[in-house]
Amino acid sequence: MAKKKREKEKVIKRHAFVGHYLQYLTYRGFEFFLGLLKLETTFAIGEFLGRLLFRLPLRHRAIVFKNLRLAFRNEKSPEEINSLAEQVYERTGANLLTSIRIPTFSDDDIRKIVHIENHELAHEPVAAGKGIVLLIPHMGNWELFAQIKALFLENTSPPIEVGTHYRPLNNPYMNALVERRRRRRGTRLFSKGTSLHTLTAHLREGNLIAVLADQRVGRQGKICDFFGLPTDCSPLPSLLARRAGAALLAIHCETVAPARWKLVLSAVPGIDTASCMQALEAAWRSSPADVFWFQDRWKYPLKKGLIPPPAE
């Protein structure tokens, strides 16, 4: 019985190995193909694919509409919501396809396609030797967030090490590729299982940690208002900032033209979770078409009856 179980586990591992490796080879082949195109062409193809997907009755389409109706329930008409949803699909397709290209670019090439606003906000804490907790939303071409070291933190005094808090990919080959490219850009990776002590120590040494903070986190979250509606939010950024005595800043990405973006740095109004969500909401509102609205953002309060369902 035990022997059969071991043999079955070996077969499963072998199949997983083949499947993961084929996924990796497919991705590298697709990446190579996109590398033959101009970045503007890649952007246009992504927009076209987004328009096609928008017209399919997929589950995520309903989630996007629900999120937009809830977020802009008192601000936009049904026609405006429909138009914005189509823009979300187009922009998401364009940003996702072009994000595949960014890790293969040189620092100089990246600087040609992105403009940085308010980067001076990071200078004061760096000069004071304070750490920085950087809020990042799922917005725009978020692969550009991985390039912030080269874009505006490369020659700081004192030097600063950039870290990011992330969830490792299930595919080990893809994960190794991402980690290798992040490290080449001067980014230190902290997996989701990393202790608070390790993260805090990194910040107390005057370094930076970027945290994707706009996702639902379930029972571990803190209930705060987001677009005027209660939802579960990550307490990690404010917790790290308080423990390490670090500055709390936010950054977001907006598309300003085909295959051109800007990264905007902003101050967080307080050092609690509600203030973090306020900063993230301001970022989302600045360019809602760039936001990844595909997560069921207000699922928890809807189930609890804390907010009414959106009107059809």
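Laboratory data are not the source of any read-out in this text; all were calculated from the coordinates shown. All figures in this text were calculated on a predicted structure; none of them were measured in a lab. Cβ atoms come from the backbone with ideal geometry, glycine included; neighbour counts cover every protein chain shown.
Step through the table entries LYS112/LYS222; LYS38/LYS149; LYS38/LYS66; LYS76/LYS299, compare each Cα-Cα distance with 32 Å, and write down the pairs that go over it.
LYS112/LYS222; LYS38/LYS66
Among PHE32, GLY228, VAL114, whose Cα sits farthest toward the positive end of the charge dipole of the chain (+1 at Cβ of Lys/Arg, -1 at Cβ of Asp/Glu, about the Cα centre)?
Farthest along the dipole direction, towards plus: PHE32.
Which whole-Hz couplings ³J(HN,Hα) result when phi for each residue of segment 272-286 is put into the Karplus expression 6.51 cos²θ - 1.76 cosθ + 1.60, θ = phi - 60°, listed in order with x for Gly and Pro?
Those phi angles translate into 10, 5, 4, 5, 4, 5, 4, 5, 5, 4, 4, 5, 4, 5, 5 Hz.
Note down the relative contact order for the chain as a percent, whole number, built from C-alpha pairs under 8 angstrom at least six residues apart.
Normalised by residue count, the contact order of the chain is 23 percent.
Using amide H atoms built in the peptide plane, which far-off residues or other-chain residues are under 5 Å from GLY206 H to H?
GLY131
Just to be sure I understand the model, the point goes 7 Å from the Cα along the line to the Cβ. What's the resulting THR41 to ARG285 distance in nm?
That separation, rounded to one decimal, is 4.1 nm.
Please give the charge dipole size of segment 114-290, origin at the Cα centre, charges +1 on K and R Cβ atoms and -1 on D and E Cβ atoms. Round to the nearest 20 debye.
Roughly 680 debye, rounded to the nearest 20.
What residues qualify as long-range amide H neighbours of VAL291, i.e. H under 5 Å apart, gap of 5 or more or another chain, H built at 1.01 Å from N?
So VAL291 has HN proximity to GLY140.
Could you tell me the largest-minus-smallest coordinate of the C-alpha atoms of segment 117-258 on each of the three principal axes, in descending order and whole angstroms?
Computed over segment 117-258, the largest-to-smallest principal extents equal 41, 38, 37 Å.
Based only on the alpha carbon positions, what is the Kirkwood hydrodynamic radius of the chain, in angstrom?
21.0 Å
Any chance you could list the semi-axes, whole Å, largest first, of the equivalent ellipsoid that the Cα gyration tensor gives for segment 2-99, using √(5λ)?
The three semi-axes for segment 2-99 are 38, 23, 9 Å.
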